[in-house]
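Pasting a structure here, questions to come.
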Amino acid sequence: MFGIGMPELILIFVVALIVIGPKKLPDIAKALGRALGEFRRATDDIRENFDLASLDHKPQSAPSTPQPSSPGKAPETPIVADQQKAPEAEK
């Protein structure tokens, strides 16, 4: 998690037990757990609001007009199945 292993956690627990005392340690741990849970819910709510806001303000793309492949060349028209190609004129 934060690079804290089992020996470090035991050391933190022992220092907290000495400083706070065995009577108040469970109450403080419970309050800390509730505060962390509330913080997590608040951050999830804020993240969800930002996600919804970003979806609402997403710019809609306008239909684009086809661009010719080269500047001097006219775009080719697609051939529909009902249309037939005109026979080429003989020279």
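Solvent-accessible area of ASP56, probe 1.4 Å, all protein chains present, reported in Å² to the nearest ten, please.
Using a 1.4 Å probe on the heavy atoms, I get roughly 120 Å².
Residues of segment 1-25 with backbone nitrogen within less than 15 Å of a virtual label 7 Å along the Cα-to-Cβ line of ARG47, please, listed as ranges.
Flagged as within label range: none.
Where Lys and Arg each count +1 and Asp and Glu each count -1, what net charge lies around ILE20 among other residues with Cβ under 14 Å from its Cβ?
The answer is +2.
The values are calculated or read from the model by the stated rules, or taken from the named source; none is laboratory data. The shown structure was predicted, so the numbers you read here are calculated from the model rather than taken from an experiment. In this analysis, Cβ positions are derived from the backbone assuming ideal geometry, glycine residues included, and neighbour counts consider all displayed protein chains. Heavy atoms of the whole protein, side chains included, go into the accessibility calculation; ligands, DNA and RNA do not. Shrake-Rupley method; radii C 1.70, N 1.55, O 1.52, S 1.80 Å.
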